[in-house]
1. Specify the residue with the greatest mean-square fluctuation among 60, 36, 173, computed from a Gaussian network of the chain linking alpha-carbon atoms under 10 Å apart.
2. What residue among 45, 139, 25 has the largest mean-square fluctuation in a Gaussian network model of the chain, using Cα springs under 10 Å?
3. Could you give the Stokes-Einstein D for region 87-166 in µm² per second, using the C-alpha Kirkwood radius, 20 °C, 1.002 mPa s?
4. PRE reach from residue 57 (point 7 Å along Cα→Cβ): which of region 70-93 fall under 12 Å by backbone N?
5. Restricting to the chain, what percent of DSSP beta bridges are antiparallel, rounded to 5?
6. What ranking of 80, 172 emerges when the number of other C-beta atoms within 10 Å of each C-beta is taken as an exposure proxy, fewest first?
7. Pairs of alpha-carbon atoms within less than 8 angstrom and 6+ residues apart define the contacts here; what relative contact order does region 83-163 have, in percent?
8. Go ahead and set up a Gaussian network model of the chain, Cα springs under 10 Å, then flag whichever of 115, 135, 27 fluctuates most.
Ligand SMILES: [Zn+2]
């Protein structure tokens, strides 16, 4: 008879690899799924498998999508003249959840040529204004300058979120009111 709890421990270890989950939470979650509610465990397991097998990056903006083009890029009601540049695809979720922006997005994964070319091809679709919703910091100011220079020939209006957003704090850690103000009171760059 196997007296060890290898399988339980493996589940705890796996959960513990997730951000914000420590040993204690991992054990509590694993115990709940195994002993109290195996249905929720199965549900989570299927949802994870389904999401990982389906979700990909939108070819246009780099946001999370179930299709080639995400629901934002394929929505013709949205203002295609304004792009909001964000650092992570999850920043899009945050801005969308709070309905703070009506244009389209672009996820700035890196500053390499491929990313710039992709950004340019998005701009050629009729973009007139770019809003940088990057974490305010000196290094991101340099990023903004770099991109502005790359796009100088397109005669765009550039702005960045500013007031209310403390330097060095990423978007997901900013309260809704501050983020709304930061977008409304954006400054030209
Ligand atoms: Zn998209």
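1. Residue with maximal mean-square fluctuation among 60, 36, 173: 36.
2. 25
3. Values: Rh = 13.5 Å.
Diffusion coefficient, whole number: 159 µm²/s.
4. Flagged as within label range: 88-89.
5. Values: 4 of 17 bridges.
Taking every DSSP beta bridge with both residues in the chain, the antiparallel ones total about 25 percent.
6. Details: 80 16, 172 12.
Least crowded to most crowded, the residues run 172, 80.
7. Working: 80 pairs, mean separation 28.3, N = 81.
Rounded, it is 35 percent for region 83-163.
8. Judging by the Gaussian network model, the answer is 27.
A short reminder: the numbers here are calculations on the coordinates, not readings from a lab. Just so it is clear, the structure is predicted and the values come from calculations on it, not from any experiment. Here the Cβ is made from the backbone with ideal geometry for all residues, glycine too, and neighbour counts use every protein chain on show.
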